[in-house]
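Undergrad: I'd like to ask you about the structure that follows.
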Amino acid sequence: MKQSPSSKKNNSRRSFLKKATVASSIFIVPRHVLGGVGYVAPSDRLRLAAIGAGGKGSSDIYNASVNGREKVVALCDVDFSGSAKRSVERFPKAKLYHDYRVMLEKERLDAVTISTPDHVHGPAAAFAMERGIHVYVQKPMTHNIREARMLTEMARSNEIVTQMGNQGGSNPLLGMVQKWVDSGVIGNISKVQVWTNRPVWPQGYAMPEPDASKKPEDLYWDLWLGPAPARPYTPNLHPFNWRGWWDYGTGALGDVGCHLIDIPFRTLGLKYPTDAECSVGSVYTQMWNADYHPEGCPPSSFITLHFDATEKSKSPIEMTWSDGGIRPSHPDIIPADHDIGGKNSSNGVLIIGDKGIISTNINDSSPIMPKLYLNDGTTEFGPEVEDNKEPEYGHQRKWVDACKAGFNSPEHLGLTSSFDYAGPMTETVLMGNLAIRSYMLQKENSEGKMEFFARKKLLWDGENMRITNQEEANQFVGRTYREGWKI
């Protein structure tokens, strides 16, 4: 995507300084000019801002500041009366904004962290990248597949240093899992099982009724809605329970899919899935008629994705995902008194080969607990308690260092979740949601009764982002945006 003239005028102050320095001196060229477009000398302090300063945003901007090494000049949040107060206390000199669009237009920024509800990730990141600002975006990278593809391409064309907030991708113990996969010790891998105890928030019921009288005084509700349809203030969405509603969240998959699916996607070198199929849990509050709430995520789901063989996965892979506390059966070669995945088997990944199994926990900031079980009885276990040298494996700090080193620098290319990787992985995670939403589609049949018509295996053309055998399912590849928030 080409930058418009107005966008170019808003690039970071260092872009201007580089040009001014070159113009004023023929014989002395500062080192930061030699670094190329987007390079910031390591001795300089990045001018950072946060879009979403509470909740996870509080730790994201704090870790990105690297204990004050970098300069946090602005904070944006729709409600500074909540957990965002902690960021205000930590950065008392930062200017406060409620609308990120205003902040990004007014402030001279080098980089921003984006830690909002899922539906704002894409629009906020696009608005920043169009202005030459590097971005760190919480998982999932975007609310839908189309946004993920757009941001991936925009980062390349605008030379933006990016990182998605699945911090477990920087966990050095992933190297142990990668070694087991690459060595072929578990043999031919053909199946992966992924599961979670999410949702751990209310989900699977009707959207709460609006009640404007209950809106917190300090909450800028219209800004919170952002690209979503206009709606009067609705209790029990902000600050957390939005996750279960499609206008704002991405359900259990969006919450932890980028932590769990990341492990096999990364270590097996997977690409776009070729198809998706699902079933969902039902709630019956009356006999014979399941409750129907397509505006929200179901209480549980089971999803199957297939992938072509890759360099690292020599055979086609079948991946299953289950949420709502539904987990796979305990494999015979893993002792019955051993957890599979993490503690109490609540979350986990099984990478299954014909000679053995790799078991891991969720890969967020929990101990990944890698375990190898071979058919011949051989085992190898990683540590159950990790000795982390810095917060979240240095995931935010490494991104900051890459911003200072510049686009395509070794530091940038060494990031574990730049959009070149995080984009396709996020698309895979969100394919599960596309399948769920398609599964709930209804239309009237010839007898005048409503029936489900898309409960089938959906064939996916990943390169062109299209379901090829169910046209109505393609409405969920993207979304409709409210005026003023389109990307």
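The values are calculated or read from the model by the stated rules, or taken from the named source; none is laboratory data. Please read all numbers here as calculations on a predicted model, not as lab measurements. FYI the Cβ positions are ideal-geometry reconstructions off the backbone, even for glycines, and counts take in every protein chain you see.
Undergrad: Please give the number of the condition Tyr481 fails out of (1) in a loop (DSSP other than H, G, I, E, B); (2) more than 30 Å from His395 (Cβ to Cβ).
TA: (2)
Undergrad: In the range 167-219, which residues are over 24 Å from the mean Cα position of the chain (by Cα), surrounded by fewer than 22 Cβ atoms within 10 Å (Cβ to Cβ) and part of a strand (DSSP E or B)?
TA: Of everything in the range 167-219, just one residue is over 24 Å from the mean Cα position of the chain (by Cα), surrounded by fewer than 22 Cβ atoms within 10 Å (Cβ to Cβ) and part of a strand (DSSP E or B), namely Ser190.
Undergrad: Of all residues in the range 452-476, which are over 19 Å from Ala148 (Cβ atoms) and not basic (Lys, Arg)? Spell out how you get there, then give the answer.
TA: At the first step, the residues of the range 452-476 found to be over 19 Å from Ala148 (Cβ atoms) are 452-457, 459, 468-472.
Listed by number, the residues that qualify are Phe452, Phe453, Ala454, Leu459, Thr468, Asn469, Gln470, Glu471, Glu472.
Undergrad: Here is a further query. Return yes when Glu463 is out of contact with any helix residue (DSSP H, G or I) (no Cβ under 7 Å at 6 or more places or on another chain), modelled with pLDDT of 95 or more, among the charged types (D, E, K, R) and not in a helix (DSSP H, G or I) and no when it is not.
TA: Details: out of contact with any helix residue (DSSP H, G or I) (no Cβ under 7 Å at 6 or more places or on another chain): yes; modelled with pLDDT of 95 or more: yes; among the charged types (D, E, K, R): yes; not in a helix (DSSP H, G or I): yes.
In short, yes.
Undergrad: Taking the residues in the range 447-480 that are of a type in the set (Val, Ile, Thr) and touching a strand residue (DSSP E or B) at 6+ places or on another chain (Cβ under 8 Å) as candidates, determine which candidate is surrounded by the fewest Cβ atoms within 10 Å (Cβ to Cβ).
TA: If we filter the range 447-480 for residues that are of a type in the set (Val, Ile, Thr), which is where we start, we get 467-468, 477, 480.
Among the residues that remain, those that are also touching a strand residue (DSSP E or B) at 6+ places or on another chain (Cβ under 8 Å) are: 467-468, 477.
Working: Ile467: 23, Thr468: 13, Val477: 19.
So, considering only residues that are of a type in the set (Val, Ile, Thr) and touching a strand residue (DSSP E or B) at 6+ places or on another chain (Cβ under 8 Å), the one surrounded by the fewest Cβ atoms within 10 Å (Cβ to Cβ) is Thr468.
Undergrad: May I pose another question? Residue by residue through the range 386-416, note down the ones that are assigned to a helix (DSSP H, G or I) and under 24 Å from Met150 (Cβ atoms). So that I can check it myself, show each step before the final result.
TA: Our first condition is that a residue be assigned to a helix (DSSP H, G or I); within the range 386-416, this holds for 391-405, 410-413.
Hits for the range 386-416 are His395, Gln396, Trp399, Ala402, Cys403, His412, Leu413.
Undergrad: Show the residue pairs meeting these rules: Cβ distance below 7 Å; 6+ apart or different chains; first residue within the range 156-168 and closer than 20 Å to Asn361 by Cβ; second residue at pLDDT 95 or above and assigned to a strand (DSSP E or B).
TA: Going by the 7 Å Cβ cut-off, the qualifying pairs are Met164/Val137; Gly165/Tyr136; Gly165/Val137.
Undergrad: Still on this model: For the range 202-236, what are the residues that are among the aromatic types (Phe, Trp, Tyr) and at pLDDT 95 or above? Lay out the reasoning, then the answer.
TA: Residues of the range 202-236 among the aromatic types (Phe, Trp, Tyr): 205, 220-221, 224, 233.
Once the filter is applied, which keeps residues that are among the aromatic types (Phe, Trp, Tyr) and at pLDDT 95 or above, the range 202-236 yields Tyr220, Trp221, Trp224, Tyr233.
Undergrad: Only residues in the range 266-277 that are in a loop (DSSP other than H, G, I, E, B) count as the first member; pair them with residues that are at pLDDT 95 or above and surrounded by fewer than 17 Cβ atoms within 10 Å (Cβ to Cβ), Cβ under 7 angstrom, at least 6 apart or cross-chain, and list the lot.
TA: Close Cβ pairs (under 7 Å, with a partner that is at pLDDT 95 or above and surrounded by fewer than 17 Cβ atoms within 10 Å (Cβ to Cβ)) amount to Lys271/Asp308; Pro273/His306; Thr274/His306; Thr274/Asp308.
Undergrad: In addition: Tell me the residue from Asn445, Asn464, Asn433 that is more than 30 Å from Ser65 (Cβ to Cβ) and over 22 Å from the mean Cα position of the chain (by Cα), please.
TA: On the way: Asn464 fails: over 22 Å from the mean Cα position of the chain (by Cα); Asn433 fails: over 22 Å from the mean Cα position of the chain (by Cα).
None of the other options fit; the residue is Asn445.
Undergrad: Filter the range 354-410 down to residues that are of a type in the set (Lys, Arg) and within 26 Å of Ala64 (Cβ to Cβ) and give me whichever is surrounded by the fewest Cβ atoms within 10 Å (Cβ to Cβ). Write out each step before concluding.
TA: Quick first cut of the range 354-410, residues of a type in the set (Lys, Arg) only: 355, 371, 389, 397-398, 404.
Among the residues that remain, those that are also within 26 Å of Ala64 (Cβ to Cβ) are: 389, 397-398, 404.
Values: Lys389: 8, Arg397: 20, Lys398: 19, Lys404: 26.
My answer is Lys389.
Undergrad: Look through the range 45-56, keep the residues that are over 18 Å from the mean Cα position of the chain (by Cα) and surrounded by fewer than 23 Cβ atoms within 10 Å (Cβ to Cβ), and return whichever of them is nearest to Lys389 (Cα to Cα). Can you show your working first?
TA: Applying the first criterion (over 18 Å from the mean Cα position of the chain (by Cα)) to the range 45-56 yields 45-49.
Narrowing further to those that are surrounded by fewer than 23 Cβ atoms within 10 Å (Cβ to Cβ): 45, 47.
Working: Arg45: 23, Arg47: 25 Å.
Ranking the qualifying residues of the range 45-56, first place goes to Arg45.
Undergrad: Answer yes or no: is there a residue in the range 417-434 that is closer than 17 Å to Val161 by Cα and not in a helix (DSSP H, G or I). Break it down into steps so the answer makes sense when it comes.
TA: Our first condition is that a residue be closer than 17 Å to Val161 by Cα; within the range 417-434, this holds for 417-424.
Next, from what is left, pick out any that are not in a helix (DSSP H, G or I): 417-418.
Among the residues of the range 417-434, at least one is closer than 17 Å to Val161 by Cα and not in a helix (DSSP H, G or I), which makes the answer yes.
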